[in-house]
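First comes the structure, then the notes that go with it.
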Amino acid sequence: MQRSTYATELTVIALIGLTSWAVAETKKEYRFEVGPKAKVSIINQFGSVSVRPSTGNYVLVNATIYSDKVEVDHAQNGSRVDVQSHLLSGATADNSRVDYEVLVPADASVDLESTTGPLHAERLHGDVVAEGANASIDVRDISGSHVHVKTMAGPITLTNIRDGHVEIDSVSGDITLNSVTGPLVRVSSTSGRIQYDGDFGYAGEYRFNSHSGNIDATIPQDASVDVKAQSVRGQVQSDLPLQPKVHTSFLVKEGSSFAGTINKAASSVWLRTFSGKIHLKKR
Amino acid sequence: MNCAQFQRELPDFLEDGGNAELQSHLKTCGNCSGLVTSLQSIIHEAQFLQASEEPSPRVWNALEIQLRKEKIIREPRASHSLLPSLRERWGIAAWLVPAAAAILIAAGIMVLPNSKSNSGVTQQAALPESVAPKPAYDQSDEQLLQEVSMRAPMMRAAYEANLKDVNNYIRDAQESVNANPNDEDAQQALMDAYGQKSMIYEMALDRSLP
């Protein structure tokens with residue numbers, strides 16, 4: 001009898017919870033007709049933003065709003081679309097989450113912000129700016145554009161970025177770059193780990209700096225690079241044979257720095273830490 | 001007079017010392033007196049740095065470009081009409097924005113003499129002790145952390161840890177520049193370190209917190 005009462009109580013509690021959840025969650029859709037090279041900005045304090053290419057000249061925003069403490073503001077001026085989560089009185093990080101699923105024309109530039117993230121953008125050829133203090137950021141399959149990513153602690157993953165002007169800043173988030181190439185790839189970190197896997201492209205400038213985070217770069221044997229690596233207090237190691245350089249901008253000291261070229265030295269690679277380890281690996 | 005009223009009058013206070021009411025509030029309020037001390041310290045150091053050498057207009061242009069790039073200062077944009085102004089969002093903490101900008105400007109000024117020496121200009125490379133970065137939090141950091149605590153308490157630990165790391169980065173980078181004043185890579189590392197700190201301020205002030 002007592003067990004039956006408990007079961008009933010649990011069921012009622014679960015139903016109340018389910019009902020309130022169902023009431024709290026709202027889905028809204030916003031559609032904007034835009035011209036070529038539209039600019040789309042999504043600013044979200046808490047929750048995800050995911051951007052993919054649409055099939056026409058329109059921006060489609062699907063927002064899932066999890067409480068009545070937050071609402072979605074939106075505006076359009078020509079081909080510029082701004083969408084923002086607007087926190088209302090009583091909003092907290094726990095009750096003001098909004099998740100956005102966004103479709104934009106592939107040539108649109110997007111500006112994404114969220115404290116918690118995650119932030120995701122893929123298959124675009126307009127500029128991508130993504131920022132969030134603790135947000136996990138994933139950007140992939142972007143070509144011929146600027147990709148600027150900033151986090152304080154959130155991890156960053158860039159995959160298959162071709163011919164990009166890439167700038168990444170993170171204080172403590174780990175940074176992973178897979179097949180990222182372009183005329184400029186700059187990564188700045190304080191304590192996060194920087195991992196690069198790719199061939200450093202052709203005629204690009206790659207600068208990876210960290211204070212205490214380790215830097216690992218994995219490259220194929222046929223990569224064409226002019227590489228310099230220096231750690232003020234950490235260790236450096238190269239698994240690939242380097243052609244020594246006649247002149248270097250610093251005194252090469254075994255174990256804490258190296259400099260040399262591989263093949264035709266088409267791209268310039270500069271790896272620098274203060275206490276983090278640097279490891280150039282052969283794929 | 002409360003803190004909000006005091007800080008609305010802060011520019012006048014810094015300019016002429018303020019009236020008796022402002023002085024009275026300052027004597028009884030630890031937060032506002034700490035804020036004033038911090039701002040006066042920044043003003044003092046900025047004057048000191050400016051006195052050491054006035055950077056060329058090219059440097060200021062470069063800094064402005066960097067500040068715009070970092071979105072610390074912005075072009076007026078209609079698209080931001082949706083957003084409440086920084087003052088509305090941050091009220092009394094809006095003063096931290098110039099503090100964030102000052103971080104970048106200070107970095108630029110500190111690196112500047114060494115850059116000039118590379119172009120053939122004889123230059124004293126040693127930096128004055130008064131502008132050497134401190135490894136622990138400074139007063140601006142403390143103020144920022146207080147604001148973070150009020151607005152998003154769950155974020156305080158992350159901001160605190162990251163500020164600590166960045167301050168260590170600045171300290172090491174500064175030591176590296178002091179040891180090798182003509183080393184462009186060391187100068188760049190110092191700029192990077194200040195850039196990271198500026199980013200933390202920017203995220204705390206302009207974007208991340210509700």
Restricting region A:224-244 to residues that are closer than 22 Å to B:SER176 by Cβ and either basic (Lys, Arg) or outside any loop (DSSP other than H, G, I, E, B) (or both), the one farthest from the other protein chains (Cβ to nearest Cβ) turns out to be A:GLN237
Evaluate the following for A:LEU251: is it in contact with a Leu (Cβ under 9 Å, 6 or more places away or on another chain) and within 14 Å of chain B (Cβ to nearest Cβ)? no
Top-ranked residue in region A:157-174 [being β-branched (Val, Ile, Thr) and more than 13 Å from chain B (Cβ to nearest Cβ); ranked as nearest to the chain's Cα centre (by Cα)]: A:THR157
Under 7 Å between Cβ atoms, which residue pairs at least 6 apart in sequence (or on different chains) link something in region B:177-190 that is among the β-branched types (Val, Ile, Thr) with a partner that is surrounded by 15 or more Cβ atoms within 10 Å (Cβ to Cβ)? B:VAL177/B:ASN114; B:VAL177/B:ALA186; B:VAL177/B:GLN187; B:VAL177/B:LEU190
Going residue by residue through region A:123-134, is there one that turns out to be more than 11 Å from the chain's Cα centre (by Cα), among the small types (Gly, Ala, Ser) and not in a strand (DSSP E or B)? yes
Check whether at least one residue in region A:171-188 is of a type in the set (Lys, Arg), touching a residue at least 12 places away in the same chain (Cβ under 8 Å) and in a loop (DSSP other than H, G, I, E, B), and report yes or no. no
Identity of the residue in region A:95-112, at pLDDT below 95 and surrounded by 20 or more Cβ atoms within 10 Å (Cβ to Cβ), that ends up farthest from the chain's Cα centre (by Cα): A:SER96
Looking for something buried (at least 21 other Cβ atoms within 10 Å of the Cβ), in a strand (DSSP E or B) and of a type outside the set (A, V, I, L, M, F, W, C) - is there at least one such residue anywhere in region A:211-223? no
Looking only at region A:154-181, how many residues end up being of a type outside the set (Val, Ile, Thr) and surrounded by fewer than 22 Cβ atoms within 10 Å (Cβ to Cβ)? 9
Does A:SER145 satisfy being surrounded by 24 or more Cβ atoms within 10 Å (Cβ to Cβ) and either more than 9 Å from chain B (Cβ to nearest Cβ) or not basic (Lys, Arg) (or both)? no
Single residue of A:ALA203, A:ALA265 found to be at pLDDT below 95, within 26 Å of the chain's Cα centre (by Cα) and outside any strand (DSSP E or B): A:ALA203
So, in region A:75-85, how many residues would count as being out of contact with any Leu (no Cβ under 8 Å at 6 or more places or on another chain) and either facing chain B (nearest Cβ under 9 Å) or surrounded by 21 or more Cβ atoms within 10 Å (Cβ to Cβ) (or both)? 5
Exactly one condition in (1) more than 22 Å from A:ILE142 (Cβ to Cβ); (2) surrounded by fewer than 23 Cβ atoms within 10 Å (Cβ to Cβ) is false for A:ALA229; which is it? (2)
Could you check, for region A:86-94, whether at least one of its residues is modelled with pLDDT of 95 or more and either in a loop (DSSP other than H, G, I, E, B) or under 30 Å from B:ALA157 (Cα atoms) (or both)? no
Matching residues, region B:166-188, being under 19 Å from A:THR248 (Cβ atoms) and within 8 Å of chain A (Cβ to nearest Cβ): B:SER176, B:ASP183, B:GLU184, B:ASP185, B:GLN188
Tally of residues being in contact (Cβ under 8 Å) with a residue 40 or more places away in the chain and surrounded by fewer than 19 Cβ atoms within 10 Å (Cβ to Cβ) across region A:257-283: 11
Select from region A:105-122 the residues that are farther than 16 Å from A:SER85 by Cα and not in a strand (DSSP E or B) and list them in ascending order. A:PRO105, A:ALA106, A:ASP107, A:ALA108
Can you tell me which condition B:ALA152 does not meet? The list is (1) of a type in the set (A, V, I, L, M, F, W, C); (2) in contact (Cβ under 8 Å) with a residue 40 or more places away in the chain; (3) more than 7 Å from chain A (Cβ to nearest Cβ), and all the others hold. (3)
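The values are calculated or read from the model by the stated rules, or taken from the named source; none is laboratory data. Computed from a predicted model, the values in this text were never measured in an experiment. Here the Cβ is made from the backbone with ideal geometry for all residues, glycine too, and neighbour counts use every protein chain on show.
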